[in-house]
Amino acid sequence: MIADELEALELPEETEGYRLEERGGESVLVEKRRDMLDPKARVFIGRMSEKIPADVGDAIVKVGARKIISEGTLVAIKINLGGGVNNVPTSYTDLLVAEGLIDKVRELGGRPFVCEANMRSMTMNRRMLTRRGLYPLLLRKGAEFVNLSETADIDFHPLGWETPIRLARPLLHPDVKVISVPALKHHWECAISLAQKNMYGAIAERQKSIFHRSGTIDETVAAAARAVTPDISLLAHRQVGGQLGPHFCIPIDFGYIIASDNVLAADYVGCDFLGTNWRDVKHLQINCNGQEIPFKPVKGSVEIDVETKQRIAKTAISPRRLKFWRSFLFPQYWVPHKTQYQQTYKIEPLATWLNWLFFHSRGDPWQTQWRPPFNG
């Protein structure tokens, strides 16, 4: 079992991102200062054909997967499930994309496992995986799912913070390679939800509302992405979730694959196709320190068509609306913790109904039989 092997991993005394210390009789990680910008960062943009899993595999190879994944490498495929709503496919990771990653990692000799952590109102159990359609895929592929809230965890102290964040320990081990494969959507508190925001799900703590209450959601997202920095970031989905993500999404046909070996470069390109000014995304600004984000387009990359970008941009959340929604949503984070995870999930059918009534009717239908929206 991969889960057992992950539990047995012992963190090294020091890596480029942290050092191991003893505080109060417990081992903790203390962040080391480093630059997340990489002038050699690569970005590949490709179109989805009728064979999406194969396209996904080809894309990660173009940004160096063969050098990152070798025989026996443990590879965490970090998906986004907890931030979605049942029967709203744009709100969680595209399953055909996840399938392509499982196939390619195995082809390269690696040992993939799919992972996600519990959220404040969602538990990553078999029932949840089945509702999202992931469990049948795992059975068919013989792939293992790891609930990051049930693995060994450890406190990570970001620079300048007195209070740590508790992270899933296995993802912090340098021998475990991480692929961030989020849903692609706007976010009513963080502007966008892409590769960095997806690492928020590496926080083992279920009660993530504590970060909203303290007004540090952007800082926490940025810190989680620095602690568990993806080796590969993959922004790929048949549709983008526009408007009031992460839960209420207008589905807009997309059909592109963006792969990068640098999480900041991936999110920078993601801002472009989501119609969001990258300078308005606070967690991105924190981790790039306000500097320009360098990257090199990989040969063979395509441009995302203007019409698609314009359609998505019409649903983007402006900074003004972002402030409104943050204020409007703030009271919900004071709902008692047990109520959040014991009762809130029961109203998910209502969220599904609201999506279909007010949001899906304004977008594109979900294609059960995928046909690329491109000519030639």
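Odds and ends about this structure:
- Residue within the stretch 341-350 that is over 23 Å from ILE250 (Cβ atoms) and in contact with a strand residue (DSSP E or B) (Cβ under 7 Å, 6 or more places away or on another chain) present: no
- LYS67 falls short on exactly one of the conditions (1) closer than 23 Å to LEU6 by Cβ; (2) in contact with an Asp or Glu (Cβ under 6 Å, 6 or more places away or on another chain); (3) basic (Lys, Arg), and that condition is (2).
- Residues in the stretch 64-85 that are of a type outside the set (A, V, I, L, M) and either on the phi < 0 side of the Ramachandran plot or assigned to a helix (DSSP H, G or I) (or both): ARG66, LYS67, SER70, GLU71, THR73, LYS78, ASN80, GLY82, GLY83, GLY84.
- The residues of the stretch 323-375 include none that are farther than 16 Å from PRO89 by Cβ, touching an Asp or Glu at 6+ places or on another chain (Cβ under 9 Å) and among the polar types (S, T, N, Q).
- Residue in the stretch 148-158 that is touching a helix residue (DSSP H, G or I) at 6+ places or on another chain (Cβ under 9 Å), of a type in the set (S, T, N, Q) and over 22 Å from GLN369 (Cβ atoms) present: yes
- Which numbered condition LYS62 misses (of (1) under 18 Å from SER180 (Cβ atoms); (2) touching an Asp or Glu at 6+ places or on another chain (Cβ under 9 Å); (3) of a type outside the set (Gly, Ala, Ser)): (2)
- Of residues in the stretch 192-222 being within 14 Å of the chain's Cα centre (by Cα) and of a type in the set (Gly, Ala, Ser), the one farthest from GLN332 (Cα to Cα): ALA195
- Residue count for the stretch 13-27, restricted to those that are surrounded by 13 or more Cβ atoms within 10 Å (Cβ to Cβ) and in a loop (DSSP other than H, G, I, E, B): 2
- On the stretch given as the stretch 135-149, residues that are touching a residue at least 24 places away in the same chain (Cβ under 8 Å) and not aromatic (Phe, Trp, Tyr) total 9.
- For the stretch 333-357, a residue qualifies if it is without any contact (Cβ under 8 Å) to a residue 40 or more places away in the chain and part of a helix (DSSP H, G or I), and the qualifying residues are LYS338, THR339, GLN342, LYS346, ILE347, LEU350, TRP353, LEU357.
- Restricting attention to the stretch 28-43 and to residues that are part of a strand (DSSP E or B) and within 21 Å of the chain's Cα centre (by Cα), the residue that is surrounded by the most Cβ atoms within 10 Å (Cβ to Cβ) turns out to be VAL43.
- Qualifying position, being small (Gly, Ala, Ser) and within 30 Å of ARG33 (Cα to Cα), among GLY270, GLY300: GLY270
- Residue-level check: of (1) out of contact with any strand residue (DSSP E or B) (no Cβ under 9 Å at 6 or more places or on another chain); (2) assigned to a helix (DSSP H, G or I), GLU50 misses just (2).
Only the coordinates and a few stated rules stand behind these numbers; no lab work does. Worth saying up front: this structure is predicted, and the values here are computed from it rather than measured. When we count neighbours, we look across all protein chains shown, and the Cβ atoms used for this are built from the backbone with ideal geometry, even at glycine.
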